[in-house]
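K.L.:
One structure, pasted below without further comment.
The values are calculated or read from the model by the stated rules, or taken from the named source; none is laboratory data. Computed from a predicted model, the values in this text were never measured in an experiment. Here the Cβ is made from the backbone with ideal geometry for all residues, glycine too, and neighbour counts use every protein chain on show. For accessibility, only protein heavy atoms count, side chains too; no ligands or nucleic acids. Shrake-Rupley method; radii C 1.70, N 1.55, O 1.52, S 1.80 Å.
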Amino acid sequence: MTPSARFIGSEIYRGSSYGDWHPLRVPRVSTVMDLSRALGWLPPEAYIRSPRAKPAALHAFHTPDYIDALLGAETSQQVTPEIRARHHLGTPANPVFPEMYRRPATGVGGALLAGELLRHGGRLHLLGGGTHHGLPDRANGFCYLNDPVFAIQSLRRHGARRVAYVDIDAHHCDGVEAGFSHDPDTLLVSTHEENRWPRTGAVEEEGAGQVFNLPIPSGSGDDAMALARDRVILPAVAAFRPDAIVLQCGADALLEDPQSRLAMSGHAHLGVLRGLLPLAPRFLLLGGGGYNPWGVGRLWTASWGVLSGRALPERLEPPAQAVLRGLKWHGQRRVTTPPEAWLTTLVDAARPGEIADALRARVAALEARLVAWV
(Lines give C-alpha, C1' and ligand atoms only; values in the text may rest on other atoms or scores of the structure.)
Protein backbone atom coordinates (compact mmCIF):
# COMPACT_ATOMS: atom_id res chain seq x y z
CA MET A 1 0.00 0.00 0.00
CA THR A 2 1.12 3.56 -0.74
CA PRO A 3 1.26 5.18 2.74
CA SER A 4 0.16 8.61 1.49
CA ALA A 5 -2.99 7.33 -0.28
CA ARG A 6 -6.21 8.16 1.55
CA PHE A 7 -9.89 7.70 0.79
CA ILE A 8 -12.52 10.39 1.46
CA GLY A 9 -16.01 8.91 1.78
CA SER A 10 -19.34 9.33 3.50
CA GLU A 11 -22.33 7.27 4.54
CA ILE A 12 -24.68 9.88 3.07
CA TYR A 13 -24.41 8.10 -0.27
CA ARG A 14 -25.74 4.84 1.17
CA GLY A 15 -29.43 4.78 0.42
CA SER A 16 -29.48 8.30 -1.02
CA SER A 17 -31.08 8.26 -4.45
CA TYR A 18 -32.28 10.75 -7.03
CA GLY A 19 -35.48 8.68 -7.34
CA ASP A 20 -36.56 5.22 -8.44
CA TRP A 21 -36.60 6.17 -12.12
CA HIS A 22 -33.41 8.26 -12.27
CA PRO A 23 -30.07 6.90 -13.60
CA LEU A 24 -28.51 7.82 -10.24
CA ARG A 25 -30.79 5.48 -8.35
CA VAL A 26 -28.00 2.87 -8.30
CA PRO A 27 -25.59 2.37 -5.37
CA ARG A 28 -22.09 3.56 -6.20
CA VAL A 29 -19.98 5.06 -3.40
CA SER A 30 -21.30 2.63 -0.80
CA THR A 31 -20.49 -0.30 -3.10
CA VAL A 32 -16.87 0.82 -3.47
CA MET A 33 -16.50 1.35 0.27
CA ASP A 34 -17.95 -2.11 1.01
CA LEU A 35 -15.95 -3.83 -1.71
CA SER A 36 -12.70 -2.12 -0.70
CA ARG A 37 -13.22 -3.18 2.92
CA ALA A 38 -14.01 -6.74 1.86
CA LEU A 39 -10.70 -6.77 -0.02
CA GLY A 40 -8.85 -5.41 3.01
CA TRP A 41 -7.98 -2.23 1.09
CA LEU A 42 -9.66 0.34 3.32
CA PRO A 43 -8.19 0.21 6.84
CA PRO A 44 -9.46 2.81 9.31
CA GLU A 45 -6.29 4.89 9.04
CA ALA A 46 -6.82 5.36 5.28
CA TYR A 47 -10.47 6.44 5.54
CA ILE A 48 -11.52 10.06 6.07
CA ARG A 49 -15.14 11.05 6.56
CA SER A 50 -16.03 13.88 4.23
CA PRO A 51 -17.25 17.11 5.83
CA ARG A 52 -20.19 19.02 4.37
CA ALA A 53 -19.49 22.40 2.81
CA LYS A 54 -21.31 25.33 4.37
CA PRO A 55 -23.47 27.52 2.14
CA ALA A 56 -21.13 30.54 2.33
CA ALA A 57 -18.22 28.45 1.03
CA LEU A 58 -20.20 27.58 -2.07
CA HIS A 59 -20.36 31.23 -3.12
CA ALA A 60 -16.79 30.90 -4.40
CA PHE A 61 -18.31 29.44 -7.60
CA HIS A 62 -22.10 29.34 -7.26
CA THR A 63 -24.31 32.40 -6.89
CA PRO A 64 -25.93 33.10 -3.51
CA ASP A 65 -29.39 33.05 -5.13
CA TYR A 66 -28.79 29.58 -6.49
CA ILE A 67 -27.51 28.21 -3.17
CA ASP A 68 -30.52 29.70 -1.41
CA ALA A 69 -32.80 28.04 -3.95
CA LEU A 70 -31.07 24.68 -3.51
CA LEU A 71 -31.34 24.87 0.28
CA GLY A 72 -34.98 25.89 0.04
CA ALA A 73 -35.80 23.04 -2.31
CA GLU A 74 -34.29 20.47 0.07
CA THR A 75 -36.19 21.94 3.01
CA SER A 76 -39.58 22.18 1.34
CA GLN A 77 -39.13 19.26 -1.12
CA GLN A 78 -40.66 21.34 -3.86
CA VAL A 79 -39.82 24.20 -6.20
CA THR A 80 -41.81 26.97 -7.79
CA PRO A 81 -42.08 27.25 -11.58
CA GLU A 82 -39.83 30.31 -11.39
CA ILE A 83 -37.09 28.43 -9.51
CA ARG A 84 -37.36 25.52 -11.94
CA ALA A 85 -36.98 27.81 -14.94
CA ARG A 86 -34.13 29.88 -13.51
CA HIS A 87 -32.07 27.28 -11.62
CA HIS A 88 -33.10 24.02 -13.33
CA LEU A 89 -34.10 22.42 -10.03
CA GLY A 90 -37.02 20.01 -9.98
CA THR A 91 -36.43 18.88 -13.56
CA PRO A 92 -36.23 15.26 -14.75
CA ALA A 93 -32.42 15.49 -14.82
CA ASN A 94 -32.10 17.39 -11.53
CA PRO A 95 -35.03 16.24 -9.40
CA VAL A 96 -36.08 17.23 -5.92
CA PHE A 97 -35.00 14.53 -3.45
CA PRO A 98 -34.37 14.45 0.31
CA GLU A 99 -30.58 15.02 0.25
CA MET A 100 -30.38 17.29 -2.80
CA TYR A 101 -28.29 19.88 -0.94
CA ARG A 102 -26.55 17.74 1.68
CA ARG A 103 -25.32 15.08 -0.76
CA PRO A 104 -23.56 17.41 -3.25
CA ALA A 105 -22.39 19.67 -0.41
CA THR A 106 -20.65 16.60 1.04
CA GLY A 107 -18.81 16.16 -2.25
CA VAL A 108 -17.73 19.79 -2.18
CA GLY A 109 -16.71 19.47 1.47
CA GLY A 110 -14.44 16.60 0.49
CA ALA A 111 -13.02 18.64 -2.38
CA LEU A 112 -12.22 21.56 -0.09
CA LEU A 113 -10.60 19.21 2.41
CA ALA A 114 -8.61 17.51 -0.34
CA GLY A 115 -6.67 20.66 -1.19
CA GLU A 116 -5.69 21.06 2.45
CA LEU A 117 -4.71 17.41 2.90
CA LEU A 118 -2.58 17.49 -0.26
CA ARG A 119 -0.67 20.61 0.79
CA HIS A 120 2.52 18.58 1.18
CA GLY A 121 1.77 16.00 -1.50
CA GLY A 122 0.09 12.61 -1.56
CA ARG A 123 -2.83 10.84 -3.17
CA LEU A 124 -6.53 11.08 -2.39
CA HIS A 125 -9.59 9.29 -3.72
CA LEU A 126 -12.71 11.46 -3.41
CA LEU A 127 -15.28 8.97 -4.60
CA GLY A 128 -18.34 11.18 -4.24
CA GLY A 129 -16.71 13.88 -6.37
CA GLY A 130 -16.72 14.43 -10.10
CA THR A 131 -19.95 16.39 -10.59
CA HIS A 132 -18.44 18.32 -13.48
CA HIS A 133 -21.57 19.77 -15.11
CA GLY A 134 -22.72 22.11 -12.32
CA LEU A 135 -22.90 25.77 -13.40
CA PRO A 136 -22.69 28.90 -11.25
CA ASP A 137 -26.42 29.68 -11.28
CA ARG A 138 -28.07 26.35 -12.02
CA ALA A 139 -28.01 22.60 -11.71
CA ASN A 140 -26.96 20.79 -14.86
CA GLY A 141 -26.76 17.16 -15.93
CA PHE A 142 -27.41 15.49 -12.54
CA CYS A 143 -24.92 17.92 -10.94
CA TYR A 144 -26.16 20.41 -8.35
CA LEU A 145 -22.72 21.68 -7.28
CA ASN A 146 -19.40 21.56 -9.12
CA ASP A 147 -16.95 19.90 -6.74
CA PRO A 148 -14.08 19.69 -9.29
CA VAL A 149 -14.06 23.49 -9.46
CA PHE A 150 -13.83 23.70 -5.67
CA ALA A 151 -11.08 21.06 -5.64
CA ILE A 152 -8.98 23.11 -8.04
CA GLN A 153 -9.59 26.27 -6.02
CA SER A 154 -8.64 24.51 -2.79
CA LEU A 155 -5.46 23.05 -4.26
CA ARG A 156 -4.50 26.57 -5.32
CA ARG A 157 -5.14 28.02 -1.88
CA HIS A 158 -2.88 25.38 -0.37
CA GLY A 159 0.14 25.88 -2.56
CA ALA A 160 -0.48 24.26 -5.95
CA ARG A 161 0.32 26.95 -8.50
CA ARG A 162 -0.45 24.91 -11.64
CA VAL A 163 -3.27 22.35 -11.68
CA ALA A 164 -3.92 19.85 -14.47
CA TYR A 165 -7.54 18.69 -14.69
CA VAL A 166 -8.07 15.55 -16.78
CA ASP A 167 -11.58 14.23 -17.43
CA ILE A 168 -12.26 10.82 -19.01
CA ASP A 169 -16.01 10.71 -18.40
CA ALA A 170 -18.19 9.90 -21.42
CA HIS A 171 -19.71 13.38 -21.08
CA HIS A 172 -17.79 16.63 -21.55
CA CYS A 173 -16.89 18.64 -18.44
CA ASP A 174 -18.77 21.78 -19.48
CA GLY A 175 -19.03 23.23 -15.96
CA VAL A 176 -15.32 22.91 -15.22
CA GLU A 177 -14.43 24.37 -18.59
CA ALA A 178 -16.78 27.29 -17.92
CA GLY A 179 -14.89 27.95 -14.69
CA PHE A 180 -11.30 27.71 -15.95
CA SER A 181 -11.16 27.90 -19.75
CA HIS A 182 -9.40 31.29 -19.62
CA ASP A 183 -7.07 30.49 -16.71
CA PRO A 184 -3.59 29.71 -18.11
CA ASP A 185 -2.58 28.05 -14.83
CA THR A 186 -5.28 25.37 -15.12
CA LEU A 187 -4.80 22.76 -17.84
CA LEU A 188 -8.07 21.18 -19.03
CA VAL A 189 -7.95 17.90 -20.96
CA SER A 190 -11.17 16.06 -21.71
CA THR A 191 -12.00 12.90 -23.63
CA HIS A 192 -15.72 12.33 -24.16
CA GLU A 193 -18.11 10.65 -26.59
CA GLU A 194 -18.86 12.74 -29.66
CA ASN A 195 -22.45 13.94 -30.10
CA ARG A 196 -23.23 13.01 -26.51
CA TRP A 197 -24.95 15.45 -24.13
CA PRO A 198 -24.06 18.27 -23.32
CA ARG A 199 -22.66 18.43 -26.87
CA THR A 200 -19.89 20.79 -25.86
CA GLY A 201 -16.15 20.15 -25.90
CA ALA A 202 -15.36 20.49 -29.59
CA VAL A 203 -11.80 19.80 -30.63
CA GLU A 204 -11.56 23.40 -31.91
CA GLU A 205 -12.11 24.92 -28.44
CA GLU A 206 -8.82 26.25 -27.05
CA GLY A 207 -9.68 28.51 -24.11
CA ALA A 208 -6.53 30.43 -23.28
CA GLY A 209 -4.58 27.85 -25.26
CA GLN A 210 -4.58 25.28 -22.45
CA VAL A 211 -7.91 23.56 -23.26
CA PHE A 212 -7.62 20.23 -25.10
CA ASN A 213 -10.89 18.50 -25.98
CA LEU A 214 -10.97 15.15 -27.73
CA PRO A 215 -14.39 13.85 -28.80
CA ILE A 216 -14.24 10.06 -29.25
CA PRO A 217 -16.54 8.31 -31.76
CA SER A 218 -19.28 6.03 -30.46
CA GLY A 219 -18.28 2.38 -30.27
CA SER A 220 -14.63 3.12 -29.52
CA GLY A 221 -12.81 0.75 -27.20
CA ASP A 222 -9.60 0.61 -25.17
CA ASP A 223 -7.27 1.34 -28.09
CA ALA A 224 -8.97 4.69 -28.67
CA MET A 225 -8.33 5.71 -25.07
CA ALA A 226 -4.75 4.42 -25.28
CA LEU A 227 -4.20 6.63 -28.33
CA ALA A 228 -5.66 9.61 -26.48
CA ARG A 229 -3.56 8.80 -23.41
CA ASP A 230 -0.23 8.42 -25.18
CA ARG A 231 -0.50 11.21 -27.72
CA VAL A 232 -2.64 13.85 -26.00
CA ILE A 233 -3.27 13.37 -22.27
CA LEU A 234 0.19 12.42 -21.00
CA PRO A 235 2.15 14.76 -23.32
CA ALA A 236 -0.09 17.72 -22.42
CA VAL A 237 0.17 17.10 -18.69
CA ALA A 238 3.92 16.45 -18.80
CA ALA A 239 4.52 19.65 -20.77
CA PHE A 240 2.38 21.64 -18.33
CA ARG A 241 4.50 20.47 -15.35
CA PRO A 242 1.66 20.67 -12.83
CA ASP A 243 1.95 20.91 -9.07
CA ALA A 244 -1.28 18.90 -8.80
CA ILE A 245 -3.40 16.62 -10.98
CA VAL A 246 -7.14 16.12 -10.66
CA LEU A 247 -8.48 13.12 -12.59
CA GLN A 248 -12.23 12.77 -13.07
CA CYS A 249 -12.64 9.03 -13.68
CA GLY A 250 -16.25 8.68 -14.79
CA ALA A 251 -17.18 5.05 -15.43
CA ASP A 252 -19.80 5.69 -18.10
CA ALA A 253 -17.41 5.00 -20.99
CA LEU A 254 -17.57 1.30 -20.08
CA LEU A 255 -19.31 -0.95 -22.60
CA GLU A 256 -21.98 -2.02 -20.11
CA ASP A 257 -22.98 1.52 -19.09
CA PRO A 258 -26.44 2.66 -20.26
CA GLN A 259 -25.59 6.37 -20.57
CA SER A 260 -23.09 6.22 -23.43
CA ARG A 261 -22.28 4.22 -26.54
CA LEU A 262 -18.58 3.81 -25.90
CA ALA A 263 -17.21 0.28 -25.56
CA MET A 264 -14.27 0.40 -23.18
CA SER A 265 -13.15 -1.86 -20.37
CA GLY A 266 -11.68 -0.71 -17.09
CA HIS A 267 -8.22 -1.18 -18.59
CA ALA A 268 -8.74 2.09 -20.51
CA HIS A 269 -9.36 4.11 -17.35
CA LEU A 270 -6.68 2.40 -15.29
CA GLY A 271 -4.13 2.99 -18.04
CA VAL A 272 -4.75 6.73 -17.86
CA LEU A 273 -4.55 6.67 -14.06
CA ARG A 274 -1.26 4.76 -14.04
CA GLY A 275 0.22 7.08 -16.65
CA LEU A 276 -0.68 10.24 -14.77
CA LEU A 277 0.35 9.21 -11.26
CA PRO A 278 4.08 9.99 -11.62
CA LEU A 279 3.51 13.43 -13.17
CA ALA A 280 2.69 15.52 -10.06
CA PRO A 281 3.32 15.31 -6.30
CA ARG A 282 -0.36 15.95 -5.48
CA PHE A 283 -2.99 13.64 -7.00
CA LEU A 284 -6.75 13.79 -6.52
CA LEU A 285 -8.91 11.07 -8.06
CA LEU A 286 -12.61 11.85 -8.45
CA GLY A 287 -15.59 9.74 -9.41
CA GLY A 288 -18.10 11.03 -11.96
CA GLY A 289 -20.56 9.29 -14.25
CA GLY A 290 -21.32 5.59 -14.03
CA TYR A 291 -24.79 4.08 -14.05
CA ASN A 292 -24.34 0.31 -14.11
CA PRO A 293 -23.86 -0.63 -10.44
CA TRP A 294 -21.48 -3.51 -11.15
CA GLY A 295 -19.46 -1.57 -13.71
CA VAL A 296 -18.95 1.57 -11.66
CA GLY A 297 -18.40 -0.28 -8.38
CA ARG A 298 -15.72 -2.54 -9.80
CA LEU A 299 -13.90 0.17 -11.76
CA TRP A 300 -13.73 2.65 -8.91
CA THR A 301 -12.59 -0.07 -6.50
CA ALA A 302 -9.85 -1.07 -8.94
CA SER A 303 -8.90 2.61 -9.27
CA TRP A 304 -8.53 2.89 -5.50
CA GLY A 305 -6.40 -0.23 -5.63
CA VAL A 306 -4.06 1.33 -8.20
CA LEU A 307 -3.98 4.67 -6.36
CA SER A 308 -3.05 2.96 -3.08
CA GLY A 309 -0.47 0.61 -4.60
CA ARG A 310 -2.44 -2.64 -4.40
CA ALA A 311 -2.06 -5.60 -6.73
CA LEU A 312 -5.41 -6.20 -8.43
CA PRO A 313 -6.59 -9.80 -7.95
CA GLU A 314 -7.45 -11.91 -10.98
CA ARG A 315 -10.41 -13.36 -9.08
CA LEU A 316 -12.20 -11.99 -6.07
CA GLU A 317 -12.42 -13.90 -2.81
CA PRO A 318 -15.90 -14.84 -1.49
CA PRO A 319 -16.33 -11.80 0.83
CA ALA A 320 -15.76 -9.41 -2.08
CA GLN A 321 -17.96 -11.47 -4.38
CA ALA A 322 -20.73 -11.27 -1.81
CA VAL A 323 -20.77 -7.48 -2.08
CA LEU A 324 -21.27 -7.67 -5.84
CA ARG A 325 -23.81 -10.49 -5.64
CA GLY A 326 -25.88 -8.39 -3.28
CA LEU A 327 -26.31 -5.49 -5.72
CA LYS A 328 -29.68 -4.76 -7.28
CA TRP A 329 -30.41 -2.69 -10.39
CA HIS A 330 -34.07 -1.85 -10.27
CA GLY A 331 -36.13 -0.25 -12.99
CA GLN A 332 -34.32 -1.62 -16.05
CA ARG A 333 -34.55 -4.62 -18.36
CA ARG A 334 -31.16 -4.76 -20.05
CA VAL A 335 -29.55 -6.88 -17.29
CA THR A 336 -31.66 -9.57 -15.64
CA THR A 337 -28.75 -11.74 -14.49
CA PRO A 338 -25.29 -10.15 -14.27
CA PRO A 339 -22.50 -12.06 -16.05
CA GLU A 340 -20.30 -14.10 -13.77
CA ALA A 341 -17.31 -11.84 -14.51
CA TRP A 342 -19.17 -8.89 -12.98
CA LEU A 343 -19.36 -10.85 -9.74
CA THR A 344 -15.90 -12.40 -9.59
CA THR A 345 -13.45 -9.87 -11.08
CA LEU A 346 -12.63 -6.17 -10.80
CA VAL A 347 -11.67 -5.59 -14.44
CA ASP A 348 -13.17 -7.18 -17.53
CA ALA A 349 -11.06 -8.51 -20.38
CA ALA A 350 -9.56 -5.81 -22.60
CA ARG A 351 -11.77 -4.45 -25.40
CA PRO A 352 -9.31 -3.11 -28.00
CA GLY A 353 -11.74 -1.86 -30.66
CA GLU A 354 -10.98 -0.09 -33.92
CA ILE A 355 -9.62 3.45 -34.05
CA ALA A 356 -11.71 5.64 -36.32
CA ASP A 357 -9.98 7.84 -38.90
CA ALA A 358 -11.84 10.83 -37.46
CA LEU A 359 -10.26 10.21 -34.07
CA ARG A 360 -6.78 9.94 -35.58
CA ALA A 361 -7.32 13.28 -37.32
CA ARG A 362 -8.44 14.94 -34.08
CA VAL A 363 -5.46 13.55 -32.21
CA ALA A 364 -3.14 14.88 -34.91
CA ALA A 365 -4.76 18.32 -34.67
CA LEU A 366 -4.28 18.41 -30.90
CA GLU A 367 -0.69 17.20 -31.25
CA ALA A 368 0.01 20.09 -33.61
CA ARG A 369 -1.40 22.49 -31.04
CA LEU A 370 0.70 20.88 -28.32
CA VAL A 371 3.89 21.46 -30.27
CA ALA A 372 3.08 25.15 -30.68
CA TRP A 373 1.86 25.41 -27.08
CA VAL A 374 5.02 23.92 -25.59
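K.L.:
How large, in percent, is the carbon and sulfur part of the accessible surface of the chain at a probe radius of 1.4 Å?
P.N.:
With neighbouring chains kept in place, the figure for the chain is 53 percent.
K.L.:
Which of the listed residues, 69, 290, 50, is farthest toward the dipole's positive end in the chain, when Lys, Arg count +1 and Asp, Glu count -1 at the beta-carbon?
P.N.:
50
K.L.:
At a probe size of 1.4 Å, how large is the accessible area of residue 91, to the nearest 10 Å²?
P.N.:
Result for residue 91: roughly 30 Å² accessible.
K.L.:
Once you keep just the Cα pairs under 8 angstrom separated by 6 or more residues, what percentage relative contact order results for the chain?
P.N.:
Relative contact order, the chain: 19 percent.
K.L.:
For region 327-362 and region 39-63, compute the distance between their C-alpha centroids and round to whole Å.
P.N.:
About 30 Å separates the Cα centre of region 327-362 from the one of region 39-63.
K.L.:
As an exercise, take the mean of 1/r over every pair of distinct alpha carbons in the chain, invert it, and state the Kirkwood radius in angstroms.
P.N.:
Kirkwood radius, the chain: 20.4 Å.
K.L.:
Note down the net charge around residue 97, summing +1 for each Lys or Arg and -1 for each Asp or Glu among other residues with Cβ under 11 Å from its Cβ.
P.N.:
0
K.L.:
Moving on. Given a 1.4 Å probe and the protein chains all in place, what does the accessible area of residue 291 round to, in Å² to the nearest 10?
P.N.:
20 Å²
K.L.:
Among 130-139, 309-318, 152-161, how do they line up from the highest to the lowest mean number of other beta-carbon atoms within 10 Å?
P.N.:
Result, highest mean first: 130-139, 152-161, 309-318.
K.L.:
Are there GluC sites (Glu not before Pro) in region 142-227 that DSSP puts in a loop and that have at most 15 other Cβ atoms within 10 Å, and which ones?
P.N.:
Counting only loop positions with at most 15 other Cβ atoms within 10 Å, the GluC sites (Glu not before Pro) in region 142-227 are 204, 205, 206.
K.L.:
Once you have all Cα-Cα distances for region 313-363, histogram them in 5 Å bins from zero and send the whole-percent values.
P.N.:
4, 16, 18, 14, 13, 10, 10, 10, 5, 0
K.L.:
Calculate one ³J(HN,Hα) per residue across region 130-143 by plugging θ = phi - 60° into the Karplus curve 6.51 cos²θ - 1.76 cosθ + 1.60, and present them in order as whole Hz with x for glycine and proline.
P.N.:
Per-residue couplings from phi come out as x, 7, 8, 9, x, 10, x, 10, 6, 6, 7, x, 6, 10 Hz.
K.L.:
Could you work out the relative contact order of region 123-226, using alpha carbon pairs under 8 angstrom and six or more residues apart, expressed as a whole percent? Write down the numbers at each step before the final one.
P.N.:
Details: 169 pairs, mean separation 20.8, N = 104.
Relative contact order here is 20 percent.
K.L.:
Turning to a different aspect of this structure: Assuming 1.567 mPa s and 4 °C, estimate D for region 248-337 with Stokes-Einstein, Rh taken as the Kirkwood radius over Cα pairs, in µm²/s.
P.N.:
91 µm²/s
K.L.:
Which whole-number percent gives the relative contact order of region 1-60, counting Cα pairs below 8 Å spaced six or more residues apart?
P.N.:
42 percent
K.L.:
Can you tell me the accessible area per residue over the chain, all protein chains present, probe 1.4 angstrom, in square angstrom?
P.N.:
38 Å²
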